[in-house]
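Only one structure is covered here, and it is reproduced in the block below.
The values are calculated or read from the model by the stated rules, or taken from the named source; none is laboratory data. Predicted, not measured: the structure shown is a model, and the values here were computed from it. Positions of Cβ are backbone-derived with ideal geometry, glycine not excepted, and every protein chain shown enters the neighbour counts. Only protein heavy atoms, including side chains, enter the accessible area calculation; ligands, DNA and RNA are left aside. Shrake-Rupley method; radii C 1.70, N 1.55, O 1.52, S 1.80 Å.
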Amino acid sequence: MVNLLIIFLVCATHTVFVNGQNIGKITELSEPVVAKVGGFAFVNCTVSSPQSIENNILVEWVFLNATDGGKSVSSDCTITESHNIIAGKKKYEIFCVDLDNNDKRYALRVNALSVPDNGLYQCRVRISSEQKPTDSMAVSLTVLSPPKIVKSSSDITVYGIINGTASMRCDGQGIPGPNVTYGRASGRPLPKGRYEVLTNKTTATSTTTVLKLYNLTKEDRGTYRCSADNNIRPPEDLFSRLIIEFKPSVSLVEPSYGSPTGENTQIMMWCRVDGYPRPSMTWYAMTSADTQRFKAGNLELDEKFYSNAKVILTDEKYQVEQKIMTVGSQSTMDSMFYSLSLQTVESVDMVYYVCRAMNTHGEDAQAVLLYPVNALADERNTGTTALSESTFILFTLTALLSRHIFIR
């Protein structure tokens, strides 16, 4: 049941008597009318007048809208509104019905209801030779409309930093004013103890709220939903994306990969890079000597190492690719997967490979080891790459499916 706050205005009645006779009196008026957008509504006014002066009485419907102070819609049984045809259909229709005891009903029908039709419709009775009404009463028309959210580019994408604050605004409009709620598009709860919803302004037809998140973490990034609902279908949602800037974080799908050597051998290795702005990523290959030092804990992944290490680019032996991580149907800007493929694996390739990521907030790196498998594995040469890909898929499905994240 829609809870409506309908404002009833006091309707002044001016009754004029001539020679003891009541000249044009309103005996019945519609109760306040409530209807939905797109529908129609009737407002009725019943007028009583002595038969001797009935032909000298005019009954008018006037729309007391706030924009121009009021406009005449009908006079007796004729529509006077000059712009009555909208999209090929009549906006207003008047129906006159003679009743008993010299009463006459003037029923005004308002079609194709829209929000601007909200307001007071006044029934006025006057003598045709006079301008001042002998009687007048007004009835309110409330047009129910589903909620709409006022959108702007600043509401769609919001930026924040680690330990900072982010605000997402939602302006909901409708009749009655909608209730506005927030949540995460993924279904995950809002960060407990680190958010609040502030109501800036609420009127009979609008609600303005702000969702504020405090002490931001990387886990807060993602898509948030603002929902406006006033029980008039359909409700409306606004999706805002929270982007948090942070230094890169590199993680490995597998810490090491085994491969046979020789012709028709190949291997694919993966690393995941998170960070915003989107980090640049580079693969490096250690020498055999550096690999031994790294295993012994005697090698740091620092500028000295990178200045001497081999940078891997796509060529006949290597292939470097990136795959975008997506949430639902939307690609993310802060998570990427990178693969390094080796064609025709040789014994000299059994070293550490470094996945290094950098952006304006810093850098991170992880090393993945490629090691030889025994001779029995030679029979599974063609399955080596498949094993690596299946391992990657298994990793992404198990570790990321709960967040509805997929790779394309």
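The table below lists the values:
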read-out	value
Test: residue in the stretch 210-220 that is β-branched (Val, Ile, Thr), open to solvent by 20 Å² or more (accessible area, probe 1.4 Å) and under 13 Å from the mean Cα position of the chain (by Cα)	no
Which numbered condition residue 27 misses (of (1) open to solvent by less than 50 Å² (accessible area, probe 1.4 Å); (2) part of a strand (DSSP E or B); (3) modelled with pLDDT of 80 or more)	(1)
Among (1) under 13 Å from residue 341 (Cβ atoms); (2) in contact with a Phe, Trp or Tyr (Cβ under 7 Å, 6 or more places away or on another chain) - the single one residue 272 does not satisfy	(1)
Filter result for the condition that a residue is farther than 26 Å from residue 25 by Cα and under 22 Å from the mean Cα position of the chain (by Cα), over 162, 156	156
Strands (runs of 3 or more DSSP E) completely within the stretch 240-317 that count 2 or more residues being open to solvent by less than 10 Å² (accessible area, probe 1.4 Å) and under 30 Å from residue 190 (Cα atoms)	266-276
Options 144, 216: the member that is touching a residue at least 12 places away in the same chain (Cβ under 8 Å) and not in a loop (DSSP other than H, G, I, E, B)	144
Selected residue (only one of 120, 99, 108, 113 is aliphatic (A, V, I, L, M) and over 45 Å from the mean Cα position of the chain (by Cα))	99
Hey, residue 190 among the hydrophobic types (A, V, I, L, M, F, W, C), part of a strand (DSSP E or B) and surrounded by fewer than 19 Cβ atoms within 10 Å (Cβ to Cβ) or not	no
Cross-chain or 6+ apart pairs with Cβ under 8 Å, the stretch 48-77 first and at pLDDT below 90, then assigned to a strand (DSSP E or B) and of a type in the set (Gly, Ala, Ser)	65/119; 66/119
Search result, residues across the stretch 92-112 that are open to solvent by less than 40 Å² (accessible area, probe 1.4 Å) and either of a type in the set (Ser, Thr, Tyr) or at pLDDT below 95 (or both)	92, 103, 106
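Yes/no per residue for (1) on the phi > 0 side of the Ramachandran plot; (2) surrounded by 17 or more Cβ atoms within 10 Å (Cβ to Cβ); (3) modelled with pLDDT of 95 or more:
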site	(1), (2), (3)
150	no, no, no
159	no, no, no
163	yes, no, yes
178	no, yes, no
202	no, no, no
207	no, yes, no
